[in-house]
Amino acid sequence: MPFHNYRLTVVWYNVKVGVAKIRFSNTTETHILKTNVTNLCVRVLGERNQNLKNAKVTIILPRVTLTLLTDDNGYALFKQIPSGNWTLNIEYKNLREETVANTATPDCLIVKFKVFIEFYNFILPRDLVYNLAIGIISLWILLIVAIILRYRVGR
């Protein structure tokens with residue numbers, strides 16, 4: 001490269017993440033360019049704050065999508081992505097959620113699914129579990145009352 005001033009533009013995942021004016025004056029010169037990239041942490045939890053392992057987390061960048069699966073603790077960490085607001089699609093079994101993540105937020109983005117209990121690969125939300133419990137208890141109470149009434153009428 002001839003010694004000269006250069007304008008350098010850095011593009012990462014089809015997003016401009018850095019621009020600098022650099023002057024080269026000798027052949028062994030090194031320049032450090034600061035780019036606007038960051039890590040994005042996503043944590044996927046259930047209704048009881050239980051970790052949801054193997055949730056599929058997809059970030060949509062311009063003309064590029066990146067997908068990770070959550071680890072045992074429900075975390076997915078996208079490393080060195082362009083800073084900004086990005087759409088995330090999160091899937092856990094047959095449940096789906098879409099949200100927008102802002103990389104300027106230092107905390108891990110938490111996404112909660114209506115997963116209270118998993119039973120043989122069936123997902124049961126809290127309201128369904130409570131309704132089933134109330135229904136079963138009510139059925140038992142009615143059965144006991146019917147048996148008592150039947151016993152009293154039979155005498």
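Details
Table: residues versus (1) at pLDDT 90 or above; (2) within 30 Å of Asn121 (Cα to Cα).
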residue: Thr28; (1), (2): no, no
residue: His31; (1), (2): no, no
residue: Asn51; (1), (2): yes, yes
residue: Asp71; (1), (2): yes, yes
residue: Lys79; (1), (2): yes, no
residue: Glu91; (1), (2): yes, yes
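- Any hit, the stretch 70-88, residues being over 11 Å from Asn39 (Cα atoms), of a type in the set (Val, Ile, Thr), without any contact (Cβ under 8 Å) to a residue 60 or more places away in the chain and part of a loop (DSSP other than H, G, I, E, B): yes
- First in the stretch 100-119 and touching a residue at least 60 places away in the same chain (Cβ under 8 Å) and more than 18 Å from Gln80 (Cβ to Cβ), second anywhere and part of a strand (DSSP E or B) and acidic (Asp, Glu), Cβ under 8 Å, 6 or more apart: Val111/Glu97; Phe113/Glu97
- Residues in the stretch 1-30 that are assigned to a loop (DSSP other than H, G, I, E, B) and free of Cβ contacts under 8 Å to residues at least 60 places away in the same chain: Met1, Pro2, Phe3, His4, Asn14, Phe24, Ser25, Asn26, Thr27, Thr28, Glu29, Thr30.
- Single residue of Val64, Val42 found to be in the same structural domain as Gly18 (by TED's automatic domain parsing), closer than 29 Å to Val10 by Cα and under 9 Å from the mean Cα position of the chain (by Cα): Val42
- Qualifying residue in the stretch 98-114 (condition: farther than 30 Å from Gly18 by Cβ, in contact with a Phe, Trp or Tyr (Cβ under 6 Å, 6 or more places away or on another chain) and assigned to a strand (DSSP E or B)): no
- Residues that are hydroxyl-bearing (Ser, Thr, Tyr) and in a loop (DSSP other than H, G, I, E, B), drawn from the stretch 31-59: Thr35
- Qualifying residue in the stretch 103-114 (condition: among the small types (Gly, Ala, Ser) and closer than 27 Å to Thr35 by Cα): yes
- Remark: pairs (first residue in the stretch 32-46, more than 21 Å from Val115 (Cα to Cα); second residue assigned to a loop (DSSP other than H, G, I, E, B) and β-branched (Val, Ile, Thr); Cβ separation under 8 Å; 6+ apart in sequence or on different chains) = Thr38/Thr103; Leu40/Thr103.
The values are calculated or read from the model by the stated rules, or taken from the named source; none is laboratory data. Because the structure is predicted, anything quoted here is derived from the model rather than measured. Backbone-built Cβ (ideal geometry, glycine too); neighbour counts: all protein chains shown.
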